[in-house]
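Working notes for the structure below.
The values are calculated or read from the model by the stated rules, or taken from the named source; none is laboratory data. Fair warning: this is a prediction, and the values are worked out from it, not measured in the lab. As a convention, Cβ positions derive from the backbone with ideal geometry for all residues, glycine included, and neighbour counts pool all protein chains shown. The protein model used for the area step is the full one, side chains on, heavy atoms only, and it has no ligands, DNA or RNA in it. Shrake-Rupley method; radii C 1.70, N 1.55, O 1.52, S 1.80 Å.
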Amino acid sequence: MGSAAFRGGVHPHYRKELTASLAITSMPPPAKVVIPLQQHIGAPAESLVKIGDQLLLGQKIGDSKGFVSAPVHASVSGTVVAVGPYNHPLGRKVEAITIQSDGLDTWHGEVKPAGSLDLMTPEQIRGLIREAGLVGMGGATFPTHVKLAPPAEKPIDTVIINGAECEPYLTADHRMMLEKPGDIIFGLKVMMKVLGASRGIIGIESNKPDALRVMKQAVEGEAEISVVSLHTKYPQGAEKMLIYVTTKRKVPSGGLPMDVGVVNHNVGTAIALAEVIKEGKPLIQRVVTVTGEGVIRPANLMVRIGTLVSDLLSFCGGLRETTRKLINGGPMMGLALAGEDIPVIKGTSGILALTDDDVDLARQRTCIKCAKCVSVCPVNLAPTFIAQAAEHSLIQRADKLHAADCIECGCCAFICPARIPLTQWIRLAKADILDRRKQQQK
Amino acid sequence: MNDKLVISSSPHIRTVESVQSVMIDVLVALFPVALISVLLFGYQALVIMLIAIASAMLAEAAWLRKLDFFGDGSAAVTGLLLAMTLPASAPWWLVMIGSVSAIIIGKQVFGGVGHNIFNPALVGRAILVISWGGHMAGNVWPVPKPFAFTADISAVTTATPLAGTEQALNTTLSQLFIGNVAGSLGETSALALLVGAFWLLYKGHIDWRIPGGFIGTVFIMGAALGEGFYYNQLLTGLFHVLAGGVLLGALFMATDMVTSPVTNRGKLIFGAGCGLMTMLIRLFGVFPEGVTYAILLMNALTPVIDNFTLPKKFGEVKRSA
Ligand code: SF4
Ligand code: SF4
């Protein structure tokens, strides 16, 4: 079964061959982990521990009363050695708990299977998911239990599992689909049960024929679940694009997927959900693709949350001299890191080291109005005009040009021959617009 | 922290295309028609093109006080495009003046590439037509002599096909298509122009909507309103498309990125507007040819067109069902 195409998009070099054939291996737990209290969208968690506390693996160490929030857990057993601000992938310092590992990985007693799925109510399942600290693992890090609790007036009929993995370089989702198809389908079924959805769709880009094959085999006999092959085009995995090509429904401007009866989750989230139900495991580890020409031994690794990038990289043989950019995530939407003393968080799908050859430092020129940015924008914006407005602080004009609809996919800046940082300007305008709207609401 | 690391906002990878590579692609696209013009008009054509390109690049380098003559390549493109609008008989000083005015008046006074409102090459040409009309008028165009490699500049009697109906009747459409007719360097061979334009379409540097709207409108108006050069109205429409500067204008001048709209609907409107103005000038104006002024006029309207044709954002229409 093929899918429709969305308008716009780009075809960057995918470079997935660096890691696509490497099976996921476990990185041994590091001597020290740093666990930020905010690894998700929403209210930050508050620390439940203090220096000197002895912790067990999987023990809850931070939580919040806010609904849109997620607790964090100890990813090693050991001693709390610091509680305080620490470097965060977002660039600023965030409260974090540093744990010195005792090397024993002693599980906390509360980590045990939750019992039979059939006997659980949606409320109970949502509670388990919340307690396990699950967030969207594709990078958006929106708390999973919130996504699974839409208001009653927005019935959900379809759950989509995002296996597009359209970001160049990253192969974590690809490997998970090859290695844990059963867990993905189990996780999807739990989501469908919680939401009362009758249809499950797994969307995979056509450049992963082996994953398509494995997943199709795995859903054989499942009448409600289908696997859809998607065109290989960035940003195929963006929420609105994925929903459009698999269901032909367009999420309204300013709206959410639930407005069209859809919820979507990343494959990593589905697996983590399966582990919560089957084993009671909170989210303490994730698969990270460590890749890029700057990495000596690229790999797909199962890594403890809170592992420092420096430890991760030395496990992969270290960095080459030519490394110029270190990125948390993929090259199109990831965050540039200022150094290696930054922890892996729940949303870290990859650590990418780009070299001198990949990092384009060409001078910015004036816009030649080639319209390439307009033709690649998947949400039909005119990036050149929005960026111009933002540059001149014309926030109202940027708003009129629908800057708030930008999904920050980076296509416009990628394609611009004049090397104008369009996405950056539009992001700024968007932030200003959203701020203003908030203030007006007050 | 590591100070070798570059910290900048996503995306972290870029296309290999640059302004310069786009401009080089445009130069490559003009190569077929440049070649044909040398075959038809001899070395004089080559000399004109070289003078035009060199003086454009020099004028830009001097204005910007930079030694990098090629720069982003846009000056070379302007020079070559201007040369394409000149007759093979144009004297060297005329070429130079045209090129320098194209760069300085057409582009730099507006603030340089990207800021200009009008197509610089056409500004240069318009200035030459106004000031030295005698050298630019239709009755001095050299007769092309295929493969002679030197044009006989004295044999300049043939008017371009558009100047009058009698000659027009004698010019067959196939001659127009291949290029064996009198005209400016770039106006002669439809085939060479199309080959170049297809390359640009393939590279994604131009969009079909501008030439489509332009040529389509000229064809329809020519067929509907043209005075029967031929017994067949459709052929009359085709004649209007192939004769004169329509193809050069539609494929290479109107598609100039800086001075045409960025939106898809805007491009179509812009192209159709160029076609409409061209035909109004041809059919009802005092000049036999109107492509230059038609495009310049539409250039001025570009910002307005862009503003009124901003694309509908994704999901503006709720549920496409
Ligand atoms: S891609 Fe860059 S140069 Fe082209 S129109 Fe957009 S901003 Fe201008
Ligand atoms: S404007 Fe936003 S959504 Fe459109 S291409 Fe640029 S980053 Fe992507």
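Rounded to the nearest 0.05, what FRET efficiency do A:D210 and A:K248 have when you use their Cβ-Cβ distance and R0 = 22 Å?
Plugging the Cβ-Cβ distance into 1/(1 + (r/R0)^6) gives 0.20.
Give the residue list of chymotrypsin sites (Phe, Trp or Tyr not before Pro) in the range A:1-69 that are DSSP loop and have at most 16 other beta-carbon atoms within 10 angstrom.
Loop-located and lightly packed - A:F67.
What's the average, rounded to a whole number, of partner chain beta-carbon atoms within 10 Å of each residue's beta-carbon in A:319-330?
If you average over the peptide's residues, the count of other-chain Cβ atoms is 3.
Taking the Cβ-Cβ separation of A:E46 and A:E220 as r and a Förster radius of 41 Å, what is the calculated FRET efficiency to the nearest 0.05? Numbers along the way, then the final one.
Values: r = 47 Å, r/R0 = 1.13.
Computed FRET efficiency for A:E46 and A:E220: 0.30.
Would you work out what percent of the accessible area of the range B:1-100, with all protein chains in place, is carbon or sulfur (probe 1.4 Å)?
Numbers: 2960 of 4040 Å².
Accessible surface attributable to carbon and sulfur in the range B:1-100 totals 73 percent.
Counting Lys and Arg as +1 and Asp and Glu as -1, what is the net charge of the other residues whose Cβ lies under 13 Å from the Cβ of A:K278?
Summing Lys and Arg as +1 and Asp and Glu as -1 gives +1.
Please list 3J(HN,Hα) in residue order for the range B:198-207, calculated via the Karplus relation 6.51 cos²θ - 1.76 cosθ + 1.60 where θ = phi - 60°; whole Hz, with x for glycine and proline.
5, 4, 5, 5, 4, 6, x, 8, 10, 10
For A:R320 and A:E123, compute 0.36 nm times the residue count separating them, minus their Cα-Cα distance, and round to one decimal in nm.
66.0 nm
Averaged over its residues, how many other protein chain Cβ atoms are within 10 Å of peptide B:199-212's Cβ atoms?
1
I want to check the label-to-label distance for A:Q440 and A:T232. Put each point 7 Å from Cα in the C-beta direction and report it in nm to one decimal.
4.4
For peptide A:409-417, what's the mean number of Cβ atoms from other chains within 10 Å of each residue's Cβ?
Partner-chain Cβ atoms within 10 Å, mean over residues of A:409-417: 5.
For the A and B pair, go ahead and give the buried accessible area with a 1.4 Å probe, both sides summed, in Å² to 100.
4900
Quickly work out the A:D341-to-B:F308 label distance, labels modelled 7 Å from Cα along the C-beta direction, and quote it in nm with one decimal.
Each label point lies 7 Å from its Cα, and together they span 6.0 nm.
Take peptides B:20-28, A:272-280, B:244-252, B:71-79 and line them up by average Cβ neighbours within 10 Å, highest first, as a rough protection proxy.
Top to bottom by mean Cβ count within 10 Å: B:244-252, B:71-79, A:272-280, B:20-28.
Using a 1.4 angstrom probe, figure out how much accessible area chain A has per residue, in square angstrom, rounded to the nearest whole. Mind dumping the intermediate values first?
Working: 16800 Å² over 442 residues.
Heavy-atom SASA per residue in chain A reads 38 Å².
Can you give the Rg/Rh ratio of the range A:372-441, where Rg is from the C-alpha atoms and Rh is the Kirkwood radius?
That ratio is 0.97, to two decimals.
Once phi is turned into θ = phi - 60°, what whole-Hz ³J(HN,Hα) does the Karplus curve with 6.51, -1.76 and 1.60 give for every residue of the range A:63-80, x standing for Gly and Pro?
7, 9, 7, x, 6, 7, 5, 8, x, 10, 10, 5, 9, 9, 9, x, 10, 6
Which net charge results when you count Lys and Arg as +1 and Asp and Glu as -1 among the other residues whose beta-carbon is under 13 Å from that of A:R130?
Overall, the nearby charge balance is +1.
Test of understanding: in a Gaussian network model of chain A with alpha carbons linked when under 10 Å, which of A:S198, A:S229, A:S116 would top the mean-square fluctuation ranking?
A:S116
Which order do peptides A:161-167, A:134-140 fall in by mean Cβ count within 10 Å, highest first?
A:161-167, A:134-140
Going by Cβ distance under 4.7 Å, what cysteines of chain A have no possible disulfide partner?
A:C166, A:C316, A:C367, A:C370, A:C377, A:C406, A:C409, A:C411, A:C416 - these cysteines have no disulfide-compatible partner (Cβ-Cβ under 4.7 Å) in chain A.
Here are some pairs, A:K180/A:K240; A:K65/A:K278; A:K180/A:K281; A:K278/A:K325; A:K233/A:K278; A:K369/A:K438; which of them have Cα atoms lying more than 28 Å apart in this structure?
A:K278/A:K325; A:K233/A:K278; A:K369/A:K438
So what's the net charge close to B:L296: Lys and Arg +1, Asp and Glu -1, counting the other residues with Cβ under 12 Å from its Cβ?
My count for the surroundings of B:L296 gives 0.
Per residue, how big is the convex hull of chain A when only Cα atoms are used? Give it in Å³. The partial results should precede the final answer.
Numbers: hull volume 62.6 nm³, N = 442.
Each residue corresponds to 142 Å³ of Cα convex hull volume.
Using Cα springs under 10 Å in a Gaussian network model of chain A, which residue among A:G268, A:G58, A:G84 shows the largest mean-square fluctuation?
A:G84
Sticking with the crude label model, points 7 Å out along Cα→Cβ, report the distance from B:S9 to A:L104 in nm, one decimal please.
The answer from the label model is 4.9 nm.
Do any residues of the range A:332-373 lose at least 50 Å² of accessible area when the full set of protein chains is present rather than just their chain alone, and if so which, with a 1.4 Å probe?
Buried by the other chains: A:A338, A:R365, A:T366, A:I368, A:K369, A:K372.
Using R₀ = 35 Å, calculate the FRET efficiency as 1/(1 + (r/R₀)^6) where r is the Cβ-Cβ separation of A:E17 and A:L394; round to 0.05. Kindly include the intermediate steps, with their values, before the conclusion.
Numbers: r = 44 Å, r/R0 = 1.26.
My answer for the efficiency is 0.20.
Of the heavy-atom accessible surface of the range A:372-441 (probe 1.4 angstrom), what whole percent is carbon and sulfur?
49
Amide H to amide H under 5 Å from A:I61: which residues, 5+ apart in sequence or cross-chain, H placed 1.01 Å off N in plane?
Residues meeting the amide H criterion: A:V72, A:H73, A:A74.
When a/c is below 1.5 the answer is rounded, else prolate if a/b is larger than b/c, else oblate, so apply that to the protein assembly as shown with a ≥ b ≥ c taken from the square roots of the Cα gyration tensor eigenvalues.
Prolate.
Given a cut-off of under 8 Å on Cα pairs at least six residues apart, what relative contact order in percent is computed for the range A:27-115?
For the range A:27-115, the relative contact order is 33 percent.
Would you work out the relative contact order for the range A:372-441, in percent, from Cα pairs under 8 angstrom that are 6 or more residues apart?
36
Which whole-number percent gives the relative contact order of the range A:258-315, counting Cα pairs below 8 Å spaced six or more residues apart?
In percent, rounded to a whole number, it is 23.
Treating the range A:1-49 as a set of equal point scatterers at the Cα positions, no solvent, please give the Debye-formula log₁₀ I(q)/I(0) at q = 0.18 Å⁻¹.
Values, matching the q order: -0.93.
Extension gain B:A300-B:W93, at 0.36 nm per residue separation less the Cα-Cα distance, in nm? Write out the running numbers ahead of the final one.
Details: separation 207, 0.36 × 207 = 74.52 nm, distance 2.89 nm.
The span from B:A300 to B:W93 would gain 71.6 nm if fully extended.
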